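Just below is one structure, and these are the notes that go with it.
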Amino acid sequence: ILSDVCYQYPGSKVMSVSNLNMNIKSNGIIGLVGGVGSGKSTVIKLISGLIQPDSGRLFFDDVESDMLNWDQLRQHIGYVSQDVFLFSDTIKNNILFSDPNISEDLLVETLENVCLLNEIKSFNDGLDTYIGEGGITLSGGQRQRVGLARALIKKPKLLLLDDVFSNVDSSTELKIMNYITKKLTNTTIVLSTNRLSVLTHCTNILVLKSGYVIQQGAHLDMIKKEGEYQKLFFNQLRSE
């Protein structure tokens, strides 16, 4: 639960989120929608504990964030940012760095479900392919899917996805979302995206603008009402 949460980045003259209230239900899929500067990424960073609210309160299962053991909590959080950070190491070690004892079968299964297995097999060294700092030897879509595999393989209780489908095609995106929704039924998912094909999987959607929630509800309900979400929907239909 986020209660009247406000946050302003150091050096910024504007609030990134203002008096934000959210109630994220267990095992639900929450979508965050909005343009650049709307506050989507900030909300995800707040939930992950990467930044702390300037004011307001943040609760996990009725325990206030100040009282939490964040090191312990993060073991149950999978977080994938827009710009996935990868180490100068092999693909395999990048995925398994949180738990090197994960079985080869689970690793292969996860890679298949993020539509990356065949691409890795095409590399001369396969999973032992060495990637440079930041994953410079991989494409943007491959980096995002390595980051997804790293988060999904530990089957987290809370999965945070910050615009992680921006560099994959719609077919790949659909396969990954189907896997996430069918296999991670005991995981609470918060994702930021403006792609409606992803948002149709969400149980609740929050539309953000300049750090405020201006609309929220289910996809089918909001496309019937005049507002930002309906504009986004029809603008995407026209562009497609």
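Show log10 I(q)/I(0) for segment 110-181 at q = 0.11, 0.24 Å⁻¹, two decimals, from a solvent-free Debye sum over equal Cα scatterers. For segment 110-181 at q = 0.11, 0.24 Å⁻¹, log10 I(q)/I(0) is -0.26, -1.23. Here the chain is scanned for chymotrypsin sites (Phe, Trp or Tyr not before Pro) in DSSP loops (not H, G, I, E, B) that have at most 12 other Cβ atoms within 10 Å, and the longest stretch holding none of them is 98-240.
Computed in the context of the full set of protein chains, the accessible area of the chain at 1.4 Å probe radius has 48% of its extent on carbon or sulfur. Close amide-amide hydrogen proximity is noted between residue 129 and 91, 92, each under 5 Å apart and 5 or more residues distant or on a separate chain (H modeled in the peptide plane; Pro and chain starts excluded). This model, with +1 at the C-beta of Lys and Arg and -1 at the C-beta of Asp and Glu, gives segment 35-78 a dipole about its Cα centre of some 280 debye.
Accessible area per residue for segment 1-91 is 53 Å², calculated with a 1.4 Å probe on protein heavy atoms, without ligands, DNA or RNA. Say the dipole of the chain comes from +1 at the beta carbon of Lys and Arg and -1 at that of Asp and Glu; which of 197, 102, 82 then lies farthest toward its positive end? It is 197. For residue 79, the residues whose amide H sits under 5 Å from its own are 160, ignoring neighbours fewer than 5 places away on the same chain, with H placed 1.01 Å from N. Here's how it looks for residue 38: its modeled amide H is under 5 Å from those of 210, which are all 5 or more places away or on a different chain.
GNM on the chain, alpha-carbon springs under 10 angstrom: the most fluctuating residue among 120, 91, 189 is 120.
Residues 38, 170 ordered from highest to lowest accessible area at a 1.4 Å probe: 170, 38. Positive end of the dipole of segment 1-96 (Cβ unit charges, origin at the Cα centre): among 2, 52, 35, the Cα lying farthest that way belongs to 35. Rounded to the nearest 20, the Cβ-based charge dipole of the chain about its Cα centre (Lys and Arg +1, Asp and Glu -1) stands at 640 debye. Counting only protein chain heavy atoms and rolling a 1.4 Å probe, the accessible areas of 45, 13, 224, 209 rank, largest first, as 13, 224, 209, 45. Calculate how many DSSP beta bridges within the chain are antiparallel, expressed in % of all such bridges and rounded to the nearest 5. Approximately 45 percent, going by the DSSP bridge assignments. Computed over protein heavy atoms with a 1.4 angstrom probe, the accessible surface ordering of 174, 191, largest first, is 174, 191.
Accessible surface computed residue by residue for segment 163-222, with neighbouring protein chains in place and a 1.4 Å probe, gives 44 Å² per residue. Distance from the C-alpha centroid of segment 63-127 to that of segment 8-31: 26 Å, rounded to the whole angstrom. Using equal-weight Cα scatterers in the Debye expression, the normalised intensity of segment 1-112 in log10 at q = 0.11 Å⁻¹ is -0.48.
Take the Cβ atoms of residue 225 and residue 50, set R0 to 45 Å, and the FRET efficiency comes out at 0.85. Considering only 207, 14, 84, the mean-square fluctuation computed in a Gaussian network model of the chain, springs between alpha carbons under 10 angstrom, is largest for 14. Here the chain yields Rg over Rh of 0.97, to two decimals, using C-alpha coordinates and the Kirkwood radius. Taken one residue at a time, the phi angles of segment 118-125 give Karplus couplings (6.51, -1.76, 1.60, θ = phi - 60°) of 5, 5, 5, 4, 6, 6, 4, 9 Hz. Gly and Pro are set to x. Computed about its Cα centre, the charge dipole of segment 47-154 is approximately 260 debye, with only Lys, Arg, Asp and Glu carrying charge at their Cβ.
The values are calculated or read from the model by the stated rules, or taken from the named source; none is laboratory data. Bear in mind that the values here come from a model prediction, so they are computed numbers and not experimental data. So basically every Cβ, Gly included, is an ideal-geometry build from the backbone, and we count neighbours across all protein chains shown. With ligands, DNA and RNA removed, areas are computed over all heavy atoms of the protein, side chains included. Shrake-Rupley method; radii C 1.70, N 1.55, O 1.52, S 1.80 Å.
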